[in-house]
């Protein structure tokens with residue numbers, strides 16, 4: 001008998017990005033049969049270890065050596081609720097404290113020195129003797145609070161001879177403090193701490209997206225037993241085959257099949273369809289969708305954990321995990337830069353005195369100069385300042401970019417996939433055509449239909465009433481109004497009976513003629529939703545509705561091609577006919593219609609495999625997994641769902657599609673400035689390394705050059721705040 005072995009699960013406090021994952025792999029990998037025994041869920045800060053590979057105690061001890069903390073995962077308890085204030089906010093508190101201590105130290109130093117330049121070292125040369133003791137104490141407090149959570153990781157990197165960005169920063173801070181440049185030491189510690197807080201907040205936003213998805217399903221299902229009695233139970237306690245009841249306007253708790261009743265169901269949260277879908281006996285129902293006017297009895301076909309909504313939640317988590325941030329360029333650079341700088345500094349200190357009789361103090365001084373100029377202050381500042389300026393400029397233009405890692409991504413895009421409803425279209429139906437028949441006029445037709453629809457909250461009804469109001473048509477009162485569940489409605493207007501409904505309802509009334517049938521088929525083929533209107537004698541006409549195209553959609557797609565986008569794809573849950581019509585109007589290259597969320601993810605994965613750099617644009621919950629799986633997720637922010645906005649990397653807060661070409665050009669401008677700053681910073685450092693070897697560089701020159709380079713890259717980065725021409 002085969003028994004499935006469940007892996008051990010742990011909550012990891014401090015695991016917020018790929019850097020921590022890499023650290024844990026280095027620590028735990030050698031203790032197991034390999035890294036394949038480990039799995040990570042960054043969104044939930046969760047570690048999985050194959051059963052038998054290690055004991056719980058061994059895992060907890062190994063994780064503690066990395067500077068993080070592990071606890072056995074508790075599925076039935078809200079583990080986050082047990083987390084204290086310090087565990088949740090400690091990093092932010094330390095970062096704020098680091099900044100305050102550094103600022104207070106600088107203010108006090110400047111006051112005693114008589115000027116800001118004096119505090120920077122123009123008079124006292126920045127060596128320890130020139131800094132007041134209280135200022136040193138404040139600077140030191142800023143350094144300690146800034147590197148408090150970094151130092152254990154840096155120490156681990158040092159003793160394992162695997163230098164990383166943590167070690168690089170710690171050595172830079174200690175080196176700056178060792179030669180008396182306390183202000184620079186405190187500044188570097190603070191900036192690095194800020195970057196870690198931003199990474200943590202970014203992951204926190206993704207975690208909130210999962211919570212938003214979970215809120216779509218109601219907390220209870222109304223189960224009907226064999227005697228007809230109804231009982232409310234949690235959805236996860238409902239077995240397959242159980243019949244549950246959903247009343248008008250309620251959310252549907254589980255996937256199932258209708259066994260009794262008729263209604264229109266709003267499936268937009270799951271499939272993205274622009275209008276409610278008619279459901280009757282035998283129809284498939286999805287958890288998280290919203291029932292219309294009719295009561296439905298539904299037989300459960302999937303357990304709660306296997307529902308379409310549950311799969312969406314899982315896919316978001318999995319896609320986000322696959323898209324954990326790759327190592328930044330600085331971290332890769334540090335693998336080479338850090339050991340080389342350390343080796344060179346040690347060589348400068350030891351080789352000349354030991355081999356050539358040089359003065360120890362002289363070569364110690366040169367080694368310290370090298371450490372100062374090697375301090376990556378300009379490098380550290382250059383990218384964050386450029387990124388912050390880029391983020392601020394984007395925000396002013398109605399584009400919310402959720403972190404520096406996503407600023408550069410638009411510059412590399414090759415293909416863009418986009419949802420239809422709410423992205424290329426407005427996301428709400430509008431009247432397209434009014435087709436009167438049998439001697440009726442357009443005004444008469446709208447009068448009759450608006451009179452009946454004015455008593456309904458259906459999206460189609462609201463669109464028709466709005467169209468009548470726009471034409472200043474006086475809407476009469478309909479008496480004896482009655483909804484025919486899943487089919488249409490009837491009522492008397494000025495004593496005469498009128499009805500409206502779908503093509504199917506027309507067929508049931510046996511009032512359809514071959515000419516009328518042909519017209520209806522043509523309209524439906526064109527992607528229109530048709531409302532048929534009639535009386536007891538004949539069909540009075542049709543009103544066709546469709547989701548309206550955004551006015552700027554076609555021009556925006558042309559501009560995207562001008563920026564170098566090679567392929568434009570539409571992914572939609574709507575029907576093929578509607579999708580084809582919209583695609584032709586805006587100039588889409590490839591269309592995929594009638595998709596569920598899993599289908600959208602598969603389509604995006606295929607695009608990523610072919611084009612590598614792919615953006616997904618959407619606005620609904622059903623788009624969230626695809627947004628997460630794409631290289632770059634972009635949400636329509638004004639009308640989009642919370643889950644889509646939280647899951648996406650970028651949100652267009654004004655729902656303005658014209659911001660897409662602007663975003664790509666802005667990203668390329670940002671990337672160019674970041675490259676300029678990095679190259680300039682490295683060039684200054686390379687120059688002073690040469691001067692140090694030659695004996696022409698002084699401590700003051702090194703400090704001045706580092707500070708000057710920092711200021712120059714800051715001003716260059718701030719150019720991004722100016723409008724992009």
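Assorted remarks:
- Protection proxy ranking of 471-483, 673-685, by the mean of other Cβ atoms within 10 Å over each peptide's residues and highest first, is 673-685, 471-483.
- Computed from the C-beta positions of residue 518 and residue 260, the FRET efficiency with R₀ = 35 Å rounds to 0.50.
- A Förster distance of 56 Å, applied to the separation of the beta-carbon atoms of residue 548 and residue 350, puts the FRET efficiency at 0.15.
- Residues in segment 482-516 that a label on residue 433 would reach, taking backbone N under 18 Å of a point 7 Å out along Cα→Cβ: 501-504, 513-516
- Peptides 604-611, 8-15, 715-722 ordered by average Cβ neighbours within 10 Å, highest first: 8-15, 604-611, 715-722
- Long-range Cα-Cα pairs in segment 221-306 (distance over 14 Å), rounded percent: 58 percent
- Compared with the direct C-alpha span, the chain from residue 715 to residue 504 gains 69.2 nm at full extension, assuming 0.36 nm per residue.
- Each residue, residue 86 and residue 525, gets one label point 7 Å from its Cα in the Cβ direction; the gap between the two is 7.4 nm.
- Ranked by the mean number of other Cβ atoms within 10 Å of their residues, highest first, the peptides 519-525, 429-435 come out as 429-435, 519-525.
- In this calculation the C-beta distance from residue 161 to residue 412 is compared with R0 = 45 Å, giving a FRET efficiency of 0.85.
- Taking 0.36 nm per residue of separation and subtracting the current Cα-Cα distance, fully stretching the chain between residue 103 and residue 303 would add 66.3 nm.
- Summary value for segment 438-537: 21 percent relative contact order, contacts being C-alpha pairs under 8 angstrom separated by 6+ residues.
- The relative contact order of segment 524-573, computed from alpha carbon pairs under 8 Å that lie at least 6 residues apart in sequence, is 23 percent.
Just so you know, all these numbers are worked out from the coordinates, no wet-lab data involved. In this text, all values refer to a predicted model and were calculated from it rather than measured experimentally. Positions of Cβ are generated from backbone atoms using ideal geometry, with glycine treated the same way; all protein chains shown enter the neighbour counts.
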